[in-house]
1. Can you name the residue in the stretch B:199-226 that is among the small types (Gly, Ala, Ser), surrounded by fewer than 21 Cβ atoms within 10 Å (Cβ to Cβ) and in contact (Cβ under 8 Å) with a residue 60 or more places away in the chain and, of all such residues, is nearest to B:ASN36 (Cα to Cα)?
2. Take the stretch A:329-342 and flag every residue that is over 20 Å from A:VAL379 (Cβ atoms) and touching a residue at least 60 places away in the same chain (Cβ under 8 Å).
3. Pairs, please: C-beta under 7 Å, at least 6 apart or cross-chain, first residue small (Gly, Ala, Ser) and part of a loop (DSSP other than H, G, I, E, B) and in the stretch B:26-47, second surrounded by 17 or more Cβ atoms within 10 Å (Cβ to Cβ) and at pLDDT below 85?
4. Taking the condition of being part of a helix (DSSP H, G or I) and either over 17 Å from the mean Cα position of the chain (by Cα) or aromatic (Phe, Trp, Tyr) (or both), how many residues in the stretch A:379-406 meet it?
5. Within the bounds of the stretch A:409-422, is there any residue that is closer than 22 Å to A:VAL336 by Cβ and in a helix (DSSP H, G or I)?
6. Kindly establish whether A:PRO317 is farther than 20 Å from A:ILE73 by Cβ and touching a Ser or Thr at 6+ places or on another chain (Cβ under 8 Å).
7. Please tell me if A:LEU446 is under 24 Å from A:ILE271 (Cα atoms), exposed (fewer than 15 other Cβ atoms within 10 Å of the Cβ) and at pLDDT 90 or above.
Amino acid sequence: MADTEERQRLLDEDGDIPSSRPINESGPGRPMSALCDPSRLLHRLVVLAFMCFLGFGSYFCYDNPAALQTQVIQDMNLNTSMFMQLYAWYSWPNVVLCFLGGFLLDRVFGIRLGTIIFALFVCIGQVIFAAGALLDRFWLMEVGRFVFGIGGESLAVAQNTYAVNWFKGKELNLVFGLQLSMARLGSTVNMNIMGWVYNRVAVLVGSVGHTTLGVSLMIAGATCIFSLICALVLGYLDKRAERILHKEHRGTGEVIKLTDVKDFPFPLWLIFIICVGYYVAIFPFIGLGQVFFIEKFNFSPAEARAINSIVYIISAPASPVLGFMVDKIGRNVIWVICAVFATLMAHMMLAFTFWNPWIAMSLLGVSYSLLACALWPMVAFVVPEHQLGTAYGFMQSIQNLGLALIAMAAGSILDQRGYLFLEVFFSACVCIALIAVVMLYFVDYLRGGDLNLSASARAKLHLKNSDSDSHITAIPSCSHWHTEVY
Amino acid sequence: MMAAKMFTIHFYVTFLLFTIRVSSSFIDYGENYRRNVSLELNPGLNSSLTPPPLGVGLIHVRALGQNDTLHYLFCSLGAPALLLVHTNSTSSKVEVDWPVFLSANASGSLRVTPESTVLHRNALIFTRLWEYSDVNDTAEPELLPFSSFFQPYELQNFTWGDLRKKLDPTAHTALLCGGDSSESFSNGSLCLKFSAFGSVGREKGWPSLLHNANSSQVRVWLDGVTPRSNRSRFSLELQSVGSTNPLTRVNVLQSIDDEYTPSIFKVAQWVSSPGNSSSPILSYAQWKPVAYRKASPVFEDATPCHHSTPVAIAQRPPSGLVLAYFGEGRQTTGLNITFSIAGDPFYNTTNYLSCVHYSAERGQCHQGIPLP
């Protein structure tokens with residue numbers, strides 16, 4: 001996993017925050033309480049808490065449409081392809097923004113202001129989205145999702161950057177894992193709570209309709225306000241720490257050069273195909289899954305929402321565990337093959353059988369976590385350091401492009417041909433990913449590459465290379481590959 | 001080798017889909033099984049006899065097979081009824097004694113001769129349209145108190161449009177539209193469209209039930225009827241009369257295929273079978289438990305339906321056709337099909353509701369699984 005290398009590199013350059021006594025304005029020698037001392041663990045834990053909740057609002061509100069699928073469709077009088085536009089519009093800005101996000105944070109706004117701006121975008125986007133429902137204007141809801149998308153993904157970049165700034169060293173992986181778990185917690189809470197919120201609001205308002213929907217979405221927007229507050233607090237604490245510790249400010253560490261794209265090796269393009277082919281069969285499926293479980297398996301709406309959220313619930317604890325396992329064992333390509341194959345089985349189980357869908361969805365959750373832990377670090381193995389930012393940015397970009405397009409296609413397929421066809425379509429997408437990963441195995445094997453090395457072999461290879469390695473600057477943190485797609 | 005395995009997975013997905021599509025028609029009746037279908041209105045009525053009142057008519061469809069005949073009789077005298085008679089001769093015909101048929105005591109005025117060739121007969125009657133006010137939005141009328149129900153619309157009291165104008169002899173369809181004299185039907189109507197088929201196929205409009213040469217179809221829809229409350233939901237009452245084997249139970253079959261009815265994975269069949277449940281099914285009425293809220297529905301206009309358990313009914317159905325053919329004293333069963341589920345929009349959102357029933361006779365030389 002890239003984090004292992006990162007950790008080693010950072011340890012090499014003596015990564016711990018200097019433990020010298022802090023100097024504050026009233027002169028040397030006055031100790032601060034552990035809570036207020038930026039070099040002490042307790043303070044950093046407080047900062048960690050704010051960092052984790054920074055992304056909570058964005059993940060909570062991202063899946064609001066899925067949690068309220070039937071209500072959105074009925075109250076706004078939509079068909080399924082229009083409904084999926086709400087997801088497509090979230091993805092469109094990120095086709096471009098994945099390249100720009102890190103740049104904006106480093107050069108233009110700075111990490112603190114940038115985070116606050118992106119958190120503002122998230123809030124404003126959700127408010128516009130809710131206002132669109134209140135005023136019964138679907139185009140306004142789409143605008144809201146677009147604005148929300150601008151903020152959401154870039155906020156994840158900011159979150160990662162803060163994590164690196166405060167926790168470089170041994171704790172970084174744990175912090176990433178925690179942030180990821182918080183993200184998934186946000187999604188899960190959303191799936192299971194929004195239905196209840198809607199019903200309570202319906203009682204308050206007196207009837208169902210777009211007003212009820214708008215009010216529920218505004219209530220969901222409260223989590224975004226909460227994230228904004230966290231952003232403000234983080235900005236203050238970061239500024240204070242910088243002042244007290246005279247900390248050197250680290251940027252996102254990435255360098256984006258679009259011309260690097262033509263130098264990408266063939267295995268990297270295969271990795272891109274795997275990424276797109278896989279994720280387009282997960283997120284749109286979750287977006288449309290509620291009605292599927294209600295109709296085919298006779299679940300109640302609450303049960304259907306719960307099973308829809310199981311993928312996220314499982315990935316919260318599973319990702320760190322599986323990440324640890326992949327770290328220890330290596331052999332990334334084999335794990336990717338297993339994950340893709342398991343997802344294919346899960347989709348086929350849901351399409352062609354009436355077996356208990358909890359089995360298929362749990363399988364989907366585990367394989368989704370496994371793929372994230374095994375796939376994204378592979379980029380770091382095939383691409384030189386100075387191109388890593390561009391590679392990750394490009395990968396996120398085409399992933400968002402794929403999601404935007406396939407979200408609309410999925411809605412339209414469902415409208416015309418039903419769920420069986422849709423599941424077969426998703427299975428076909430996963431098949432494409434499977435073909436790509438098998439090709440990747442052979443290409444790597446035949447070229448004598450090192451994608452599928454075991455962890456010990458890779459460590460040996462690294463030691464051999466580290467003598468001649470110059471010092472590294474680029475840290476691959478553009479991506480919410482740590483947070484969202486995990 | 002991994003490459004070979006990869007191919008197998010790919011192929012398997014396509015193969016499975018192919019098998020599902022082909023076998024559904026292969027196992028059942030064979031794609032090439034056809035009948036020669038002809039349609040006539042009011043058989044045996046010549047100009048010397050008193051014509052029936054406007055809107056009353058008897059449609060006779062003759063589906064001729066190689067060595068058997070299916071007679072479908074669709075009649076609007078009293079409650080609309082569809083009678084299916086299966087004979088094992090190619091020269092059986094329908095004889096109607098019109099003066100007796102149109103009188104009050106019409107028993108025995110309709111015969112299918114020669115009577116010794118009759119193998120099986122069954123009738124499906126549309127008797128009542130119930131309307132209730134779903135105050136708690138549960139769409140479960142059997143749990144509601146009697147006070148939530150409005151006076152049902154008795155289909156035997158409806159006045160229908162002229163059948164002669166709505167007949168299509170080439171497509172073998174007939175349209176019966178009408179209403180009762182109350183205000184609710186001043187701008188709207190209840191329509192029944194009867195279609196007979198001579199070969200395998202699917203209709204274009206949803207729910208696109210698969211039909212074959214042994215089946216006919218009735219599409220029921222309610223258009224523009226003024227509901228009597230803001231929370232009105234409807235329920236259709238069906239009754240059935242059979243010879244020795246009336247339709248007694250409803251099987252709900254689950255299917256993985258929702259291609260023609262997105263998000264509906266079930267088919268309901270009201271079957272008649274002699275003796276116990278393992279004996280072959282002789283005839284059935286089938287429907288997909290879905291109704292649509294628009295004439296050209298999209299995915300979101302579908303609303304699921306559910307049905308009640310069939311019960312025995314003491315009186316015979318109020319249909320002239322049933323009285324004429326079966327006479328008195330036949331076993332009658334009935335059930336209700338309720339439209340919508342809890343949380344779905346009420347009738348007044350679109351003022352349209354449609355539902356399709358499909359009635360078929362299973363050929364004796366064929367065994368098979370029910371149609372998707």
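The values are calculated or read from the model by the stated rules, or taken from the named source; none is laboratory data. Please read all numbers here as calculations on a predicted model, not as lab measurements. Please note: Cβ atoms are built from the backbone with ideal geometry, for glycine as well, and neighbour counts cover all protein chains shown.
1. Residues of the stretch B:199-226 that are among the small types (Gly, Ala, Ser), as a first pass: B:199, B:201, B:205, B:208, B:213, B:215-216, B:224.
From the residues that got through so far, the ones that are surrounded by fewer than 21 Cβ atoms within 10 Å (Cβ to Cβ) too are B:199, B:201, B:205, B:208, B:224.
Then drop every residue that is not in contact (Cβ under 8 Å) with a residue 60 or more places away in the chain, which leaves B:199, B:205, B:224.
On the way: B:SER199: 9, B:GLY205: 24, B:GLY224: 37 Å.
The residue in question is B:SER199.
2. Step one: list which residues in the stretch A:329-342 are over 20 Å from A:VAL379 (Cβ atoms), which gives A:341-342.
Result: A:PHE341, single match.
3. From the stretch B:26-47, no pairs qualify.
4. Looking only at the stretch A:379-406, we keep the residues that are part of a helix (DSSP H, G or I), and these are A:379-382, A:385-406.
Okay, now just the ones that are also either over 17 Å from the mean Cα position of the chain (by Cα) or aromatic (Phe, Trp, Tyr) (or both), so A:380-382, A:385-388, A:390, A:392, A:394, A:405-406.
Here the count works out to 12.
5. From the stretch A:409-422, those closer than 22 Å to A:VAL336 by Cβ are none; that's our starting set.
No, there is no match, as no residue in the stretch A:409-422 is closer than 22 Å to A:VAL336 by Cβ and in a helix (DSSP H, G or I).
6. Details: farther than 20 Å from A:ILE73 by Cβ: yes; touching a Ser or Thr at 6+ places or on another chain (Cβ under 8 Å): yes.
Against the criterion (farther than 20 Å from A:ILE73 by Cβ and touching a Ser or Thr at 6+ places or on another chain (Cβ under 8 Å)), A:PRO317 qualifies.
7. On the way: under 24 Å from A:ILE271 (Cα atoms): yes; exposed (fewer than 15 other Cβ atoms within 10 Å of the Cβ): yes; at pLDDT 90 or above: yes.
Yes, satisfied.
For every residue, the table says whether it meets (1) modelled with pLDDT of 95 or more; (2) in the same structural domain as A:ILE337 (by TED's automatic domain parsing).
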residue	(1), (2)
A:CYS230	no, no
A:LEU234	no, no
A:LYS239	no, no
A:HIS246	no, no
A:HIS249	no, no
A:LYS262	no, yes
A:PRO267	no, yes
A:ILE274	yes, yes
